[in-house]
Amino acid sequence: MNENTIIRFEEVTKQYDDDPAVLNSVSFEIERGKFYTLLGPSGCGKTTILRLIAGFTEPSYGKIYFNGKVINHVPANERQVNTVFQDYALFPHLNVFENVAFGLRIKKMKNSEIQKKVKEALKFVNLEGYENREIKEMSGGQRQRVAIARAIVNEPEVILLDEPLSALDLKLRTEMQYELRELQRRLGITFIFVTHDQEEALAMSDEIFVLNKGKIQQSGTPTDIYDEPINRFVADFIGESNIVPGKMIEDFKVEFVGKLFECVDQGFNPNESVEIVIRPEDLEITKKDQGKLKVRVDSQLFRGVHYEICCYDEAGNEWLVHSTKKAVVGDEIGLYFDAEAIHVMRFGETEEEFDKRLEAYHEGDHAN
Ligand SMILES: Nc1ncnc2c1ncn2[C@@H]1O[C@H](COP(=O)(O)OP(=O)(O)O)[C@@H](O)[C@H]1O
Ligand SMILES: [Mg+2]
């Protein structure tokens, strides 16, 4: 654990009754002062992770550390964490000031202190002068800010945000994405943000954890995850992908669409069945005999920045190409790609399993 680690999950499993685990041996570390996003489809366990960190529920197995101490049984009100809920959970009968002051009043803080802190928090979220407004007089975006002010006024070490932008319309949502990111930078505290929207995650985060079915599929910076998706789920969930079946003949040699290609992957079994992912922007269109694959252009759309060209190869696989060059529908063309553009994946393998496999491989006969 490095000295910047603030939260650590060690093989945390969460199970309700006899149902299958909703989180399955999840391990990760959160560092101080960064913006993290938990990204995944509905039901994958995102909210459960936030509830475990906040102390609203306890793990069935495994340990949760906060600043190096196990906090599995520490009650929610003793944790240095505040949550911004999806529906904001503001008190409709209290005005803006009292909503933000609520936690401080419970702590029995002096009134002069409360005045000062609430003012500061409202200033941080650009709501100076709104102290006496009723919640029902505030717009969606303003309510959002009140909820954030209520979280930061307690000066927690970590703020948890559970899909806080999902109720806003697209324009306001984009504005709030900038605002939240900027706020996190100014405050310098750790944000753990939950979303099912991949673009939002890519735009906002220092680090993303991609979740599916109660497991972390992959973690890393937005570019890491976009450029090197670990499996089909991640490749499909984040950005657009071409995915075809293939066979890993040996290290650095892969076969798909009946052809042999050089690649940069290793550590598979000889002739192992794999999945091949190539991003549409990594495909270049060429004359029919100058590419690595031959395809027929089925349709084409102009997307402003590029053409989106849909093609089929002889085996019937669909290939989506993003190109600044135009093609002609019905033409046979070539597709060119670098060895690095080919991503070879074992079916359903998570990052953790991938790391273990490569470690075993390098410890074995193949060490070099
Ligand atoms: N209190 C509970 N009792 C039983 N099952 C639950 C409970 N809370 C959540 N679950 C189940 O756990 C899974 C993950 O839920 P959740 O963490 O809310 O997912 P997400 O926030 O990613 O949509 C879901 O299948 C959900 O039905
Ligand atoms: Mg949720």
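The values are calculated or read from the model by the stated rules, or taken from the named source; none is laboratory data. Just so it is clear, the model here is predicted, and its values are computed rather than measured. In this analysis, Cβ positions are derived from the backbone assuming ideal geometry, glycine residues included, and neighbour counts consider all displayed protein chains. The area values use the complete protein model at the heavy-atom level, side chains included, leaving out ligands, DNA and RNA. Shrake-Rupley method; radii C 1.70, N 1.55, O 1.52, S 1.80 Å.
Would you confirm, using the coordinates I've provided, whether Ile6 is under 28 Å from Ala235 (Cβ atoms) and among the β-branched types (Val, Ile, Thr)? Outline the logic, then answer.
On the way: under 28 Å from Ala235 (Cβ atoms): no; among the β-branched types (Val, Ile, Thr): yes.
It is false that Ile6 is under 28 Å from Ala235 (Cβ atoms) and among the β-branched types (Val, Ile, Thr).
Quick one: which of Gly55, Gly103 is open to solvent by less than 80 Å² (accessible area, probe 1.4 Å), touching a Lys or Arg at 6+ places or on another chain (Cβ under 8 Å) and at pLDDT below 95? First the steps, then the outcome.
Working: Gly55 fails: at pLDDT below 95.
After ruling out the rest, the residue left standing is Gly103.
Quick check on this structure: which one of Ile49, Ile71 is away from ligand 1 (no atom under 11 Å from the Cβ) and either open to solvent by 60 Å² or more (accessible area, probe 1.4 Å) or of a type in the set (Val, Ile, Thr) (or both)?
Working: Ile49 fails: away from ligand 1 (no atom under 11 Å from the Cβ).
Testing whether each residue is away from ligand 1 (no atom under 11 Å from the Cβ) and either open to solvent by 60 Å² or more (accessible area, probe 1.4 Å) or of a type in the set (Val, Ile, Thr) (or both) leaves just Ile71.
Which of the numbered conditions does Arg51 fail, given that it passes all the others? Conditions: (1) touching a residue at least 12 places away in the same chain (Cβ under 8 Å); (2) under 26 Å from Arg143 (Cα atoms).
(1)
Take the residues in the stretch 109-143 that are of a type in the set (Ser, Thr, Tyr) and over 13 Å from Asn95 (Cβ atoms); name whichever of them is surrounded by the fewest Cβ atoms within 10 Å (Cβ to Cβ).
Ranking the candidates gives Ser112 first.
Each row is one residue, and each column tells you yes or no for (1) within 26 Å of Asn82 (Cα to Cα); (2) open to solvent by less than 20 Å² (accessible area, probe 1.4 Å).
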residue: Tyr178; (1), (2): yes, no
residue: Asp206; (1), (2): yes, no
residue: Phe209; (1), (2): yes, yes
residue: Ala235; (1), (2): no, yes
residue: Ile249; (1), (2): no, no
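Looking at the stretch 203-222 only, could you name the residues that are more than 16 Å from ligand 2 (Cβ to nearest atom) and either touching a Lys or Arg at 6+ places or on another chain (Cβ under 8 Å) or at pLDDT below 95 (or both)?
Ala203, Met204, Asp206, Glu207
Name the residues in the stretch 198-216 that are more than 12 Å from Gln177 (Cα to Cα) and within 16 Å of ligand 1 (Cβ to nearest atom), would you?
Filtering the stretch 198-216 for residues more than 12 Å from Gln177 (Cα to Cα) gives 198, 206-216.
Result: Gln198, Ile208, Phe209, Val210, Leu211, Asn212, Lys213, Gly214, Lys215, Ile216.
Can you name every one of the strands (runs of 3 or more DSSP E) wholly within the stretch 270-368 that holds 3 or more residues which are open to solvent by less than 70 Å² (accessible area, probe 1.4 Å)?
Working: elements: 272-278, 284-286, 293-302, 307-313, 318-323, 332-336, 343-345.
It comes to 272-278, 293-302, 307-313, 318-323, 332-336, 343-345.
If you scan the stretch 123-144, which residues turn out to be in a helix (DSSP H, G or I) and closer than 20 Å to Leu168 by Cα? Show your work before the answer.
At the first step, the residues of the stretch 123-144 found to be in a helix (DSSP H, G or I) are 123-124, 135-137, 140-144.
Listed by number, the residues that qualify are Ile135, Lys136, Glu137, Gly140, Gly141, Gln142, Arg143, Gln144.
Give me a count of the residues in the stretch 21-79 that are of a type outside the set (Gly, Ala, Ser), closer than 20 Å to Phe233 by Cα and away from ligand 2 (no atom under 16 Å from the Cβ).
Matching residues across the stretch 21-79 total 2.
Being touching a Gly at 6+ places or on another chain (Cβ under 6 Å), of a type in the set (A, V, I, L, M) and either within 16 Å of ligand 2 (Cβ to nearest atom) or closer than 27 Å to Ser42 by Cα (or both): is that true of Leu168 here?
When the stated conditions are applied, Leu168 passes them.
Of all residues in the stretch 8-20, how many are open to solvent by 10 Å² or more (accessible area, probe 1.4 Å) and either touching a strand residue (DSSP E or B) at 6+ places or on another chain (Cβ under 7 Å) or within 16 Å of ligand 2 (Cβ to nearest atom) (or both)?
Step one: filter the stretch 8-20 for residues open to solvent by 10 Å² or more (accessible area, probe 1.4 Å), giving 8, 10-11, 13-20.
Then drop every residue that is not either touching a strand residue (DSSP E or B) at 6+ places or on another chain (Cβ under 7 Å) or within 16 Å of ligand 2 (Cβ to nearest atom) (or both), which leaves 8, 10-11, 13-14, 16.
Here the count works out to 6.
Considering each residue of the stretch 145-170, count those that are of a type outside the set (Val, Ile, Thr), part of a helix (DSSP H, G or I) and at pLDDT 90 or above, and give that number. I'd like the intermediate steps shown before the answer.
Narrowing the stretch 145-170 to residues of a type outside the set (Val, Ile, Thr): 145, 147, 149-151, 154-157, 160-170.
Right, trim to part of a helix (DSSP H, G or I) and you get 145, 147, 149-151, 170.
Restricting the remaining residues to those that are at pLDDT 90 or above gives 145, 147, 149-151.
The total comes to 5.
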